[in-house]
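These notes concern the structure reproduced below.
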Amino acid sequence: MCDLDSMKYIFLCFILFNFSFLFCDEVKVLNFPGVNNYPFTFEDESGNRSGIEVEILNWIAKDAGFKLKLITAKTDGRDARISMLVNKEVDVVIYTMTITKDRMKKVNFSVSYFQDGVGVVVNSKSNIKTVKDLKGKNIYANYNFTAYKYLNKNKSIGCKVFYGPLKKDIFKMILDGDIDGHAADYSYLNQRSLLTNKLRLLKRLNSEDWGIGVSKDKPGLLKRINASLKKMKQNGELKTILKKYKLKNKS
């Protein structure tokens, strides 16, 4: 029969084993080197990670008391945001990731930090001015993103959605007439269309909430992230970051 000291030791070991993740000072974060997804995640002129999502996660890390370790994304054709969380290669992903039922089966999500939606950008010289004009048009969308699934699901739109290797920049393909348009996150396309009057952005097709993806075996980490994210909303810090990049949030 165990004495009292032995029982205390066993209980302490049990606590440390099950809740050690709460006190870890390092969190593995998925990183996409060289990516330019302005204004959410991009590299500035000095090569440093910048953007809304970078600032959000840095604030959370400081508030929750953990350090970030960047893990380079794998380029094997799969959605690294999901696959690397599922395979426990990273703990956290914040990269324009829409919260969906299918994704929630594989990973956990924080409370929403931004609300976006599917958008379609076309050549401003084309006769495509509304969503109704997309019928029969060739629209490119990344297979791993919700824009692809949305357009395929909503058959009434009537466009031809495709995904595959690109021989040149997607926006140059639109201007050269190789394709009719590109479907992706509305806010991203909005930023790109503001750079030139040669592109026309159609009305946003839906509303989608973005969340921070967290590995399912890190429930304690998820709680800490949610607590800090809620604090950011309450104290106005999230609003300040978005305002810095001239964006508003409905989330």
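Quick rundown of the values:
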| read-out | value |
| --- | --- |
| At 1.567 mPa s and 4 °C, Stokes diffusion of the chain via Kirkwood alpha-carbon radius, µm² per second | 65 µm²/s |
| Cα centre as origin, Lys/Arg/Asp/Glu Cβ charges: segment 118-206 dipole, Debye | 240 debye |
| Relative contact order, percent, the chain [alpha-carbon distance under 8 Å, six or more residues apart] | 26 percent |
| Net length gained if the chain between ASP44 and ASN152 were fully extended (0.36 nm per residue, minus Cα distance) | 35.4 nm |
| Trypsin sites (Lys or Arg not before Pro) within segment 194-249, DSSP loop, no more than 12 other Cβ atoms inside 10 Å | LYS198, LYS203, LYS246, LYS248 |
| Trypsin sites (Lys or Arg not before Pro) restricted to segment 86-141 and DSSP loop, no more than 16 other C-beta within 10 Å | LYS88, LYS105, LYS106, LYS125, LYS129, LYS135 |
| Set LYS101/LYS149; LYS137/LYS248; LYS74/LYS223 screened for pairs whose C-alpha atoms are more than 24 Å apart | LYS137/LYS248; LYS74/LYS223 |
| 0 to 90° range, to nearest 10: angle between helix 219-235 axis and the chain longest Cα axis | 60 degrees |
| Computed E for LEU175/ALA227 - FRET, C-beta separation, R0 51 angstrom, nearest 0.05 | 0.65 |
| Among beta bridges that DSSP assigns inside the chain, antiparallel share in %, nearest 5 | 60 percent |
| Karplus-derived 3J(HN,Hα), 6.51/-1.76/1.60, for each residue of segment 66-83, Hz, glycine and proline x | 9, 9, 9, 10, 7, 10, 5, 5, 7, 10, 10, x, 8, 6, 4, 4, 8, 4 |
| Additional length obtainable on full extension of the chain from ASN197 to LYS88, 0.36 nm per residue less Cα span | 34.9 nm |
| Selected from GLU45, GLU53, GLU89 as most flexible by GNM, with the chain as the system and alpha-carbon contacts under 10 Å | GLU45 |
| Centre separation in Å (Cα based) which lies between segment 44-67 and segment 80-145 | 22 Å |
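Readers should treat all values here as calculations from the given coordinates under stated rules, not as data from a laboratory. Computed from a predicted structure; not experimentally measured. Methodologically, a virtual Cβ is constructed for each residue, glycine included, from the backbone with ideal geometry; neighbour enumeration extends over all protein chains shown.
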